Amino acid sequence: MQAIVCRQQIGWREKARRLLVFSTDAGFHYAGDGKLGGVIAPNDGECHLSGEGLYTHSVIQDYPSISQINHKVKQNSINVIFAVTANQHSVYEKLAHHIEGSSSAVLSEDSSNVVDLVRSEYSKISSAIEMKDNATSNIKITYHSACLNGGPEIPTAKCDGLKVGDVVNFTAQILVTSCPTDPREWNQVIQIYPVGINESLVIDLEMLCSCPCERPGTTGYEAHSPKCNNHGTLMCGVCECDDMHFGHNCECSTSDVHTGSDKDLVCRADNTTQVDCNNRGTCLCGVCECEKRSNPEEIISGKFCECDNFSCERRKNVLCSGPDHGTCECSHCVCKPGWTGSACDCRESTDTCMPPNGGELCSGNGECECGVCKCKSTPEGRYSGKVCEKCPTCAGRCLELKHCVQCQMYKTGEFKDEDKCAANCSNTFVPIGEEKIVIDEEKDELLCIFFDEDDCKYTFKYSEVNGKLEVHAQQERECPPKVFMLGIVLGVIAAIVLVGLAILLLWKLLTTIHDRREFARFEKERMNAKWDTGENPIYKQATSTFKNPMYAGQ
């Protein structure tokens, strides 16, 4: 703070670019830290240096706040470089974002890069120019510039890559977004300045927030105007009602029981909402006046503006499926005769759900919804088709026809005897032989597949042609190749015996090899054995010799 505001003591020149390098390896203090030491007086942002250049108010005033530093930096057009060690760089990098025209850089542990650091940061500062202003929230200033590109101007407040002698032009557009509530703020002085340079453009702005017709005695001002039902003043074509009346033309009275304290409640459908007229109209004298749509064909109506003729359900982006199907009334489709459904997209007629040859609705295997059959599912399978006439996995008449197909085509099955076959199948149908059975869905043919007592597969299909049953069967059954069971049994027995013998031989071979290795190891140990030839310490000779010490003879 002192290096910024003490201009005389530091020697800041008036028209020079001012650069302040702040170097440290620690964090920083800000407003409020001084209270820990008993210093409660806020920082006044003034110069307090002694003749020797020492700060005299260290125990009198608290530390300055970040906003105070930023304010003084802008006021004195100073660029600040925070040269800090690596462990503090993240802290000061965030601080630099809150101080206009400042930047941060990493200083080496021995400060050997300080010159290069200052040179690099100064180059960044001097090669760019950024425009700022002190406009209030009611004023919006936008900047445009072509910088050095030479093309059309683009919205930007900053130009980079500049050198000494380069000239760039900025265009500022000033827009008053709203008038301040305090008339004293209708005249303001705005400064537009480049960051870090002690120059500025001063603009004396006068906002036109009032009109002459708002003042008595001028044209357009009429007290107790008939246009306001004599209950208000007409100013600039708008009625300003007295305390007892309201409305566009002051036509409503607060003394009316319906428009007094309950004037908002009577325009609400119930007490669960705080919105008048469903937010689609204006409550005038206790009556909702619904808003008008840009499309004259779209109408909002109802006591509480709850209805309209454009919010109904659509099909293919057509309201109520089109005027031929229904109309939209109070947000619901009202269908014309012959149509039903939430969007009037369903036919009431069930003709499209009837089989072509007659019969039950959806062939008795589904329900007709919207003129379309919704087929049902059974344990045997799911029905399909336009009128639920198909079920590939259902038995159908397959079980009924299988015995006659077997006896007539393959001479097998329950009716394989000619007399039984003739008695039961001669008057029903005669199957037509085909090499391969292929289903033709257009003819509503159904496929049947069975296996007979020989485990042979046979396939046939059936359909009704002009009311007559027609059956096509596969000419030859698909039988598995015959298996010589005795050979398989004998082969399995022989394989078991051979495997058993192989296992016994392998076991005998392994035990023989093991015994031979054990015997060889025993022989080797026996040959290497060396026996000790020492005498037994408890052994005694069979004879003992004693001498008589008193014997004097030889």
Residues of segment 455-479 being modelled with pLDDT under 85 and either more than 17 Å from Cys398 (Cβ to Cβ) or under 53 Å from the mean Cα position of the chain (by Cα) (or both), which ones? Val465, Asn466, Gly467, Lys468
What number of residues in segment 407-448 are in contact (Cβ under 8 Å) with a residue 12 or more places away in the chain and in contact with a helix residue (DSSP H, G or I) (Cβ under 9 Å, 6 or more places away or on another chain)? 17
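Tell me, yes or no, whether segment 175-183 has at least one residue that is modelled with pLDDT of 85 or more, loosely packed, with under 13 Cβ neighbours inside 10 Å and charged (D, E, K, R).
Narrowing segment 175-183 to residues modelled with pLDDT of 85 or more: 175-183.
So of that shortlist, the ones also loosely packed, with under 13 Cβ neighbours inside 10 Å come out as 175, 177-178, 181-183.
Narrowing further to those that are charged (D, E, K, R): 182.
For segment 175-183, residues modelled with pLDDT of 85 or more, loosely packed, with under 13 Cβ neighbours inside 10 Å and charged (D, E, K, R): present.
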Here's a check for you: in segment 91-142, which residue that is among the polar types (S, T, N, Q), touching an Asp or Glu at 6+ places or on another chain (Cβ under 8 Å) and more than 27 Å from Val164 (Cα to Cα) is surrounded by the most Cβ atoms within 10 Å (Cβ to Cβ)? Asn138
Index of the failed condition, Pro431 passing every other in (1) farther than 23 Å from Leu399 by Cβ; (2) more than 60 Å from the chain's Cα centre (by Cα): (1)
Looking only at segment 19-48, how many residues end up being loosely packed, with under 13 Cβ neighbours inside 10 Å and hydrophobic (A, V, I, L, M, F, W, C)? 4
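Which is closer than 25 Å to Asn249 by Cα, of a type in the set (Gly, Ala, Ser) and out of contact with any helix residue (DSSP H, G or I) (no Cβ under 8 Å at 6 or more places or on another chain), of Ser331, Ser301?
Working: Ser331 fails: closer than 25 Å to Asn249 by Cα.
Going through Ser331, Ser301 in turn, just one is closer than 25 Å to Asn249 by Cα, of a type in the set (Gly, Ala, Ser) and out of contact with any helix residue (DSSP H, G or I) (no Cβ under 8 Å at 6 or more places or on another chain): Ser301.
Would you be able to tell me the number of residues in segment 151-182 that are part of a loop (DSSP other than H, G, I, E, B) and out of contact with any Leu (no Cβ under 8 Å at 6 or more places or on another chain)?
18
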All conditions in (1) at pLDDT below 90; (2) surrounded by 10 or more Cβ atoms within 10 Å (Cβ to Cβ) are true of Ala494 except (1)
So, in segment 37-68, exactly how many residues are at pLDDT below 90 and assigned to a helix (DSSP H, G or I)? 1
Within segment 49-90, the residues that are β-branched (Val, Ile, Thr) and surrounded by 15 or more Cβ atoms within 10 Å (Cβ to Cβ) are Ile69, Val73, Ile78, Val80, Ile81, Val84, Thr85
Pairs please, first residue from segment 30-52 and hydroxyl-bearing (Ser, Thr, Tyr), second anywhere and assigned to a loop (DSSP other than H, G, I, E, B), Cβ atoms under 8 Å, 6+ apart in sequence or on different chains. Tyr30/Tyr63; Tyr30/Pro64; Tyr30/Ser65; Ser50/Thr56
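Return the residues of segment 254-274 that are at pLDDT 80 or above and either hydrophobic (A, V, I, L, M, F, W, C) or touching a strand residue (DSSP E or B) at 6+ places or on another chain (Cβ under 8 Å) (or both); say none if nothing qualifies.
We begin by selecting, within segment 254-274, every residue at pLDDT 80 or above; these are 267-268.
Within segment 254-274, Cys267 is the sole residue that qualifies.
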What are the residues in segment 441-463 that are closer than 13 Å to Pro431 by Cα and of a type in the set (D, E, K, R), if any? Lys461
Filter segment 184-203 down to the residues that are at pLDDT 90 or above and polar (S, T, N, Q), then identify the one that is farthest from Ile129 (Cα to Cα). Asn187
Every residue in segment 69-104 that is among the hydrophobic types (A, V, I, L, M, F, W, C) and either at pLDDT below 90 or not in a strand (DSSP E or B) (or both), please. Ile69, Val73, Ile78, Ala86, Val91, Leu95, Ala96, Ile99
Where residues in segment 442-454 are surrounded by 10 or more Cβ atoms within 10 Å (Cβ to Cβ) and of a type in the set (D, E, K, R), which of them is nearest to Arg397 (Cα to Cα)? Glu445
Evaluate segment 2-12: report whether one residue or more is closer than 28 Å to Ile129 by Cβ, aromatic (Phe, Trp, Tyr) and touching a residue at least 12 places away in the same chain (Cβ under 8 Å). yes
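Would you confirm, using the coordinates I've provided, whether Tyr221 is surrounded by 15 or more Cβ atoms within 10 Å (Cβ to Cβ), of a type in the set (Ser, Thr, Tyr) and under 30 Å from Tyr122 (Cβ atoms)? Walk me through it before giving the result.
Details: surrounded by 15 or more Cβ atoms within 10 Å (Cβ to Cβ): yes; of a type in the set (Ser, Thr, Tyr): yes; under 30 Å from Tyr122 (Cβ atoms): no.
Against the criterion (surrounded by 15 or more Cβ atoms within 10 Å (Cβ to Cβ), of a type in the set (Ser, Thr, Tyr) and under 30 Å from Tyr122 (Cβ atoms)), Tyr221 does not qualify.
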Pull up segment 168-191, narrow it to residues that are aliphatic (A, V, I, L, M) and under 43 Å from the mean Cα position of the chain (by Cα), then point me to the one that is nearest to Cys147 (Cα to Cα). Ala172
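Quick check: is even one residue across segment 402-411 part of a strand (DSSP E or B), buried (at least 17 other Cβ atoms within 10 Å of the Cβ) and not small (Gly, Ala, Ser)? Talk me through it step by step, then tell me what you get.
Residues of segment 402-411 part of a strand (DSSP E or B): none.
Looking for residues that are part of a strand (DSSP E or B), buried (at least 17 other Cβ atoms within 10 Å of the Cβ) and not small (Gly, Ala, Ser), one finds none in segment 402-411, hence no.
The values are calculated or read from the model by the stated rules, or taken from the named source; none is laboratory data. What you see is a predicted model, and the numbers here were worked out from it, not measured in a lab. Cβ sites come from the backbone with ideal geometry, for glycine too, and all protein chains shown count toward neighbours.
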